[in-house]
Amino acid sequence: MKRLPIGILGSGKGSNCRAILERIRSGRLTAEARVVISDVVDAPLLDIAREFSVPNAYLPPGQFRTRLEPEVENELVKMLRDAGVYLLILAGFMRVLHAPMLEAFPRRIVNIHPSLLPKFPGLEAWKQALAAGETVTGCTVHYIDDKIDHGQIISRREVAILPHDTPESLHARIQIAERELYPAAIAEFCEKYAASNE
């Protein structure tokens with residue numbers, strides 16, 4: 001079965017990155033991690049990539065806080081193409097992508113968000129859900145478009161909000177659900193990729 005060439009882009013701890021790389025190593029995900037890239041020079045995500053012997057790189061993001069400078073985004077496209085990436089996986093990447101990336105990888109950039117989108121886009125969605133008095137939240141895998149946490153939904157997983165939940169306890173359970181849902185969603189891409197390359 002032909003392996004799906006993936007790239008992982010993130011800014012932080014890399015718990016979803018680790019879950020995906022562990023599935024690949026165990027043979028439960030027929031993908032090949034070609035590169036892991038971060039916009040944060042000392043992101044733990046890059047240490048995880050090194051632990052799994054995956055090529056990795058720091059991408060200096062430029063002056064903006066929530067997006068990449070156009071020339072930086074073009075450089076990112078080149079890095080991913082040079083690595084032969086087919087599907088780009090966002091794992092806690094804290095910047096909005098724009099035309100260079102969206103045009104280079106149409107419907108081939110996915111993200112996971114810690115709420116049942118379209119509810120609670122943006123930062124700290126689990127805190128938003130608690131503040132709104134919700135009884136259920138969860139996580140969503142979706143395609144990326146040019147808006148924040150907006151693109152077409154691929155799959156979702158519900159997580160109950162318990163009466164005594166704190167933001168920390170709720171977030172921890174959502175992260176467990178994410179680490180199951182994200183690799184499962186990527187597995188479907190793997191199957192489609194293999195079928196189209198037979």
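The values are calculated or read from the model by the stated rules, or taken from the named source; none is laboratory data. As the structure is a computational prediction, the values presented were derived from the model and not from experiment. Quick reminder, even Gly has a Cβ in these numbers, built from the backbone with ideal geometry, and neighbours come from all protein chains shown. Protein only, heavy atoms only, side chains kept; ligands, DNA and RNA dropped before computing areas. Shrake-Rupley method; radii C 1.70, N 1.55, O 1.52, S 1.80 Å.
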Surrounding net charge for Glu22, when Lys and Arg each add one and Asp and Glu each subtract one, Cβ distance under 11 Å: +4
Antiparallel as a % of all DSSP beta bridges within the range 88-155, to the nearest 5? 65
For the range 148-195, what does the accessible surface come to per residue with a 1.4 Å probe? Please give it in Å². 56
Rounded to the nearest 10 Å², what accessible area does Ile6 show when all protein chains are kept and the probe is 1.4 Å? 0
Tell me, what % of the accessible area of the chain is carbon and sulfur with a 1.4 angstrom probe? 52
State the percent of C-alpha pairs, over all pairs in the range 21-69, separated by a distance greater than 18 angstrom. 40
Å² per residue, accessible surface of the range 24-145 at 1.4 Å: 47
With DSSP loop assignment and no more than 11 other C-beta atoms within 10 Å, the trypsin sites (Lys or Arg not before Pro) in the range 97-184 are Lys147
What would the Debye equation give as log₁₀ I(q)/I(0) for the range 68-170 at q = 0.16, 0.24 Å⁻¹, counting only Cα atoms as equal point scatterers? -0.71, -1.22
Any idea what the relative contact order of the chain is, in percent, if you count C-alpha pairs under 8 Å spaced at least 6 apart? 21
Can you work out ³J(HN,Hα) from phi for every residue in the range 147-155, in order, using Karplus 6.51 cos²θ - 1.76 cosθ + 1.60 and θ = phi - 60°, giving whole Hz and x for Gly and Pro? 10, 7, 6, 10, x, 3, 6, 9, 7
What list of ³J(HN,Hα) values in whole Hz, one per residue of the range 108-122 in order, does the Karplus curve 6.51 cos²θ - 1.76 cosθ + 1.60 (θ = phi - 60°) give from phi, with Gly and Pro shown as x? 10, 10, 10, 9, 10, 10, x, 7, 8, 4, x, 6, 6, x, x
Centroid-to-centroid separation of the range 150-190 and the range 71-129 [C-alpha atoms, Å]: 17
With +1 on the Cβ of every Lys and Arg and -1 on the Cβ of every Asp and Glu, the dipole magnitude of the chain about its Cα centre, in debye rounded to the nearest 20, is 380
For the range 104-198, size of Cβ-based charge dipole, Lys and Arg +1, Asp and Glu -1, in debye: 100
Residues with amide H under 5 Å from that of Val35, placed H, sequence gap 5 or more: Ile8
